[in-house]
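> Provided herewith is a single structure, encoded as structure tokens, for subsequent inquiry.
The values are calculated or read from the model by the stated rules, or taken from the named source; none is laboratory data. Because the structure is a prediction, the values reported are computed rather than measured. A quick note on method: Cβ atoms are made from the backbone with ideal geometry, for glycine too, and the neighbour counts reach across all protein chains shown.
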Amino acid sequence: MSDLVRLLNVFCLLSLLAVGGGSAVLPEMQHETVAVHHWVTDDQFATIYSLGQMAPGPNMSMVALIGWQVAGVAGLLVVLVAFYLPSSFLVYGCSYIWDQFKDNPWRNAVQRGMAPITIGLMLAGVHAVGKTACINSDRPLDFNIISSIVALAVTGILFAKHINPVLLMLLGGGVGWFLLRGG
Amino acid sequence: MQPKASNRPTLAQIFTAFARIGATSFGGGLVAYLRDALVDEKKWMDEEEFLAALEIGQTLPGLNSVNVSIIAGRHLAGPLGAISAAAGIILPGVLALVILGLLYDRFRHNPEVAAALAGVAAAAVGLLLQVTLKIGAKQFSNLKDLFFLVATFVMVAFFHVSLPTVLFLVAPVAIILCRPKTEPKQ
């Protein structure tokens, strides 16, 4: 089976599993692309994810870079189509049907029931990228301590102040350049 | 729910409007950008239509911002409107990512760049943590929700249970526990 077909399979499935937004499939995506198919390393995955946070638009478009890494421009296009098309078809179709169930109380039950699962998956996503970027056993301890402080500082600042996260990403880059060069 | 003929946009106008958001929405929070543009600025939808679209977009799989764009595009101009809106919101960011990717490829072996990228990656983790805590504030403070939240987290993060399995096992239970109360029959 060629890489393009494998990319298509993996990202189509991820598209349909992305309940409550893209961050929920982050752990599964990391598992498939790193451990199962060896398309990228843990480090590359964390870097590609952080590049996605710096670009405008939907943050999960970073999947395109995974496709690119595997199979060039064809890989990029296949992954974009595979990741966005299935869920988009579903939404297009369901937005008709959904209106019919406007007053059905089960609609609310589905939403309320799925909410904690989505948050749990997002937290697993934090764990998935965090164990590479902040608590990485291949790196020296001071490197991990600095990275963890940067991460927690960003979390704290965002709770305290309404500030564009891209500025904090750049600030994190500056801190990394200044403090992590030797590591 | 079609808008009035007077402010029904062409496909090019739809694409341009969404592409402007796709190109300028640095730092996430796309749904807020979409609301401002579609409801306040262009008046293509009213508040209630937007919230209805968001509700569907959040419940179904896929990215909320892309899902809302597709529903809004469909309301404005049918299938082609949906395609124009989705392409507009997605493509500028992909272009930016290709440029970032090329830079990354070229400079990743430079230790100074690698150090800066490690800092960015750490900051990205902090951002995702904050978004998770903020969106989940209600779920973290409700005991029943917290149970499902932690169960999902532990299964995926530590036992590497695959996502379909988790959804199949946990979702039905969680939904049934939130089932509508049956109204007493008269």
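> I'd like the residue in the range B:84-122 that is among the charged types (D, E, K, R) and assigned to a helix (DSSP H, G or I) and, out of all such residues, is surrounded by the fewest Cβ atoms within 10 Å (Cβ to Cβ). Give the derivation first.
Residues of the range B:84-122 among the charged types (D, E, K, R): B:105-106, B:108, B:112.
Still in the list and also assigned to a helix (DSSP H, G or I): B:105-106, B:112.
Values: B:D105: 12, B:R106: 10, B:E112: 13.
Step by step, filter the range B:84-122, then rank; the result is B:R106.
> Test B:R35 against the stated conditions and say whether it is crowded, with 21+ Cβ neighbours inside 10 Å and closer than 24 Å to A:R107 by Cβ.
Working: crowded, with 21+ Cβ neighbours inside 10 Å: no; closer than 24 Å to A:R107 by Cβ: yes.
No: the conditions fail for B:R35.
> Right, next: Quick check on the range B:58-72: of everything there that is in contact with a Leu (Cβ under 8 Å, 6 or more places away or on another chain) and of a type outside the set (A, V, I, L, M, F, W, C), which residue is farthest from the other protein chains (Cβ to nearest Cβ)?
So, considering only residues that are in contact with a Leu (Cβ under 8 Å, 6 or more places away or on another chain) and of a type outside the set (A, V, I, L, M, F, W, C), the one farthest from the other protein chains (Cβ to nearest Cβ) is B:S69.
> Additional query: Does A:G57 qualify as being under 23 Å from B:A87 (Cα atoms) and part of a helix (DSSP H, G or I)?
no
> Next question. Which members of the range A:73-94 meet the condition of being surrounded by fewer than 12 Cβ atoms within 10 Å (Cβ to Cβ) and closer than 17 Å to B:G81 by Cα?
First, pick out the residues of the range A:73-94 that are surrounded by fewer than 12 Cβ atoms within 10 Å (Cβ to Cβ): A:73, A:93.
A:G93 - this is the single residue of the range A:73-94 that is surrounded by fewer than 12 Cβ atoms within 10 Å (Cβ to Cβ) and closer than 17 Å to B:G81 by Cα.
> On the given criteria, is A:F101 of a type outside the set (S, T, N, Q), surrounded by fewer than 17 Cβ atoms within 10 Å (Cβ to Cβ) and at pLDDT 90 or above? Before you say what the answer is, go through the steps one by one.
Values: of a type outside the set (S, T, N, Q): yes; surrounded by fewer than 17 Cβ atoms within 10 Å (Cβ to Cβ): yes; at pLDDT 90 or above: no.
Against the criterion (of a type outside the set (S, T, N, Q), surrounded by fewer than 17 Cβ atoms within 10 Å (Cβ to Cβ) and at pLDDT 90 or above), A:F101 does not qualify.
> Looking only at the range B:77-110, count every residue that is hydroxyl-bearing (S, T, Y) and closer than 20 Å to A:G52 by Cα and tell me the total. Working first, answer last.
So the first thing to find is which residues in the range B:77-110 are hydroxyl-bearing (S, T, Y), and the list is B:84, B:104.
Then drop every residue that is not closer than 20 Å to A:G52 by Cα, which leaves B:104.
Residues meeting the conditions: 1.
> Taking the condition in contact (Cβ under 8 Å) with a residue 40 or more places away in the chain, buried (at least 20 other Cβ atoms within 10 Å of the Cβ) and facing chain A (nearest Cβ under 8 Å), does B:V131 pass? Write out each step before concluding.
On the way: in contact (Cβ under 8 Å) with a residue 40 or more places away in the chain: yes; buried (at least 20 other Cβ atoms within 10 Å of the Cβ): yes; facing chain A (nearest Cβ under 8 Å): yes.
Considered against the rule, which asks whether it is in contact (Cβ under 8 Å) with a residue 40 or more places away in the chain, buried (at least 20 other Cβ atoms within 10 Å of the Cβ) and facing chain A (nearest Cβ under 8 Å), B:V131 comes out as yes.
> Can you name the residue in the range A:26-42 that is surrounded by fewer than 18 Cβ atoms within 10 Å (Cβ to Cβ) and of a type in the set (A, V, I, L, M) and, of all such residues, is farthest from the other protein chains (Cβ to nearest Cβ)?
The extreme case among them is A:V36.
Yes/no matrix, rows are residues, columns are (1) of a type outside the set (G, A, S); (2) more than 7 Å from every other protein chain (Cβ to nearest Cβ); (3) part of a loop (DSSP other than H, G, I, E, B); (4) surrounded by fewer than 17 Cβ atoms within 10 Å (Cβ to Cβ):
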site: A:L4; (1), (2), (3), (4): yes, yes, no, no
site: A:A24; (1), (2), (3), (4): no, yes, no, no
site: A:Q44; (1), (2), (3), (4): yes, yes, no, no
site: A:A71; (1), (2), (3), (4): no, yes, no, no
site: A:Y96; (1), (2), (3), (4): yes, yes, no, yes
site: A:W106; (1), (2), (3), (4): yes, no, no, yes
site: A:V110; (1), (2), (3), (4): yes, no, no, no
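> How about the range A:131-155: which of its residues are without any contact (Cβ under 8 Å) to a residue 24 or more places away in the chain, of a type in the set (V, I, T) and facing chain B (nearest Cβ under 9 Å)?
Selection gives A:I149, A:V154, A:T155.
> Given (1) modelled with pLDDT under 90; (2) assigned by TED's automatic domain parsing to the domain that holds A:L16; (3) among the hydrophobic types (A, V, I, L, M, F, W, C); (4) surrounded by 15 or more Cβ atoms within 10 Å (Cβ to Cβ), identify the lone condition not met by A:A128.
With (1) modelled with pLDDT under 90; (2) assigned by TED's automatic domain parsing to the domain that holds A:L16; (3) among the hydrophobic types (A, V, I, L, M, F, W, C); (4) surrounded by 15 or more Cβ atoms within 10 Å (Cβ to Cβ) applied to A:A128, the lone miss is (2).
> Given the conditions (1) facing chain B (nearest Cβ under 7 Å); (2) in contact (Cβ under 8 Å) with a residue 12 or more places away in the chain; (3) not β-branched (V, I, T), report the number of the one that A:L158 does not fulfil.
(2)
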